[in-house]
Amino acid sequence: MISLAYIIGYSVVGFVGLWLIRLFIQGGQFRKPTRCDGKVILITGANTGIGKETAKELLKRGGKVYIACRSLPKANQARQELIAETGSKNIHVRELDLSSLKSVRNFAKEFLAEESRLDILINNAGVMACPKSLTKDGFEMQLGVNHLGHFLLTNLLLDRLKSSAPSRIVNLSSLAHKFGGINRTDLNSEKSYSAFGAYGQSKLANVLFTKELAKRLEGSGVTTYAVHPGSVHTELQRHLGSLFFLLDNFVVRTIMPLVLKTPQAGAQTSIYTALDEGLAHETGKYYADCHEVIPSKAAQDEETAGWLWKVSEEMTGLSKKSS
């Protein structure tokens, strides 16, 4: 018979093993005590998940944080929770619907009238693998929210970021960019649609946008960073159940939180690229687990990055303003 000592021993080894695996899954952590006192920080979609955890940490470090969200009730609830958790009331809620260019323009106009500076812009909001739908302006939802909405927002705020330099722009992308491609003949998925294909394309667009933005901002004091937060257990996966029925299974729903990063762990690379002093002279690069990594070959294509910029200007109406 197996003795009690053996059972306890194996249980301890198993527990320690699971703890080490869980620790490994959480990835790199930003442990430097870097402060951001007096800095004005804007985070899109920060009422939950990675964005909320990013806001929480930047509040703790002294930042003046704006969270720009589509749902004001959810954002205000998040604000109260963040105040209770951090003790800081320097958190402000504003309405922003990235699926509407009108909303993006209205938000930017009001923000610029309200704030004289912007030190850090974190383009965090996004949708993932949703059933085919269109934004208010007729764009495929993932391209519209993940890329075009943030493209327009960033460009409308660029002058304020430049006048506040040194300043930073953090764009949340994903490892999924490696499985995406920029479909020049059907960028808006009008001829065919794949939920994951459109998601990958939007995340690749985030990296290409970061690269082209860095090129155009050279010498301005504004630096840009694309971020892969990791596989994180957030509301972003809410559409997966409709694609894979097994994800609705109780067992899988129970396991997922154990094998994915927590939102707090997922926020670490956003915080790292927003604050780390060692990145002050780095720009246009891609990061994961708090260190630089090499993106896909497609994400390094300068010609495609330039093409996407021009097309995005046309789609969002920025080309009319600049002409």
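Whole-percent P(r), region 42-110, all Cα pairs, 10 Å bins from 0: 23, 54, 20, 2.
Just how many pairs of Lys in region 279-323 have C-alpha atoms closer than 25 Å, counting pairs that are eight or more places apart or on different chains?
Taking region 279-323 as the scope, the lysine pair count is 5.
Potential lengthening of the chain between residue 80 and residue 311 amounts to 79.2 nm, from the contour at 0.36 nm per residue minus the alpha-carbon distance. When the alpha carbon gyration tensor of region 31-322 is reduced to an equivalent ellipsoid, its three semi-axes come out at 26, 24, 19 angstrom, largest first.
Each of 119, 301 has some number of other Cβ atoms within 10 Å of its Cβ, and from fewest to most they run 301, 119.
Values in this text are rule-based calculations from the coordinates and carry no lab data. Keep in mind that this is a model prediction, so the values were computed, not measured. Don't worry about glycine lacking a Cβ; one is built from the backbone with ideal geometry, like all the others, and counts go over all protein chains shown.
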